[in-house]
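Shown next, in structure tokens, is the structure this report addresses.
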Amino acid sequence: MLGNKLLAYIAENYLGGESQQFALDTPLLELNIIDSSALFDLVDLLRREAGVTVPLKAVVPNNFKSVQHMLDLVERLQSESRPALAQVAGVA
């Protein structure tokens, strides 16, 4: 599950491996778990793991407030790309 991969990645890279009390709704920015430079690491992780391209305009704090917010972003991006893929395939 993508949520578990994100939790593990953040715990390993930004919490020194400590994952106790860390959940999908933990406020990452509010607790200074990640900073602005970490956003781009997470964007790359989302690209690799979920196969989505996060446009620069979507790299905003609200989309990275928590792991759940990132999962919501991925879901939105995937749903936005489905109609475009259907048109390319001629299934519109």
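Brief remarks follow.
- Within the range 18-30, if we keep just the residues that are of a type outside the set (Gly, Ala, Ser) and open to solvent by less than 100 Å² (accessible area, probe 1.4 Å), the residue that is farthest from residue 1 (Cα to Cα) turns out to be 29.
- Failed criterion for residue 64 (all others in (1) open to solvent by 30 Å² or more (accessible area, probe 1.4 Å); (2) within 13 Å of residue 6 (Cα to Cα) hold): (1)
- Failed condition for residue 53, given (1) surrounded by 16 or more Cβ atoms within 10 Å (Cβ to Cβ); (2) within 12 Å of the chain's Cα centre (by Cα): (1)
- Failed criterion for residue 79 (all others in (1) of a type in the set (S, T, N, Q); (2) more than 9 Å from the chain's Cα centre (by Cα); (3) crowded, with 18+ Cβ neighbours inside 10 Å hold): (3)
- Residues in the range 61-77 include at least one that is in contact with a Leu (Cβ under 9 Å, 6 or more places away or on another chain) and modelled with pLDDT under 95.
The values are calculated or read from the model by the stated rules, or taken from the named source; none is laboratory data. The structure displayed is predicted, hence computed values, not measured ones. Cβ: placed from backbone, ideal geometry, glycine included. Neighbour counts: every protein chain shown. Each accessible area value is taken on the protein alone, full model and side chains, heavy atoms only, with ligands, DNA and RNA left out. Shrake-Rupley method; radii C 1.70, N 1.55, O 1.52, S 1.80 Å.
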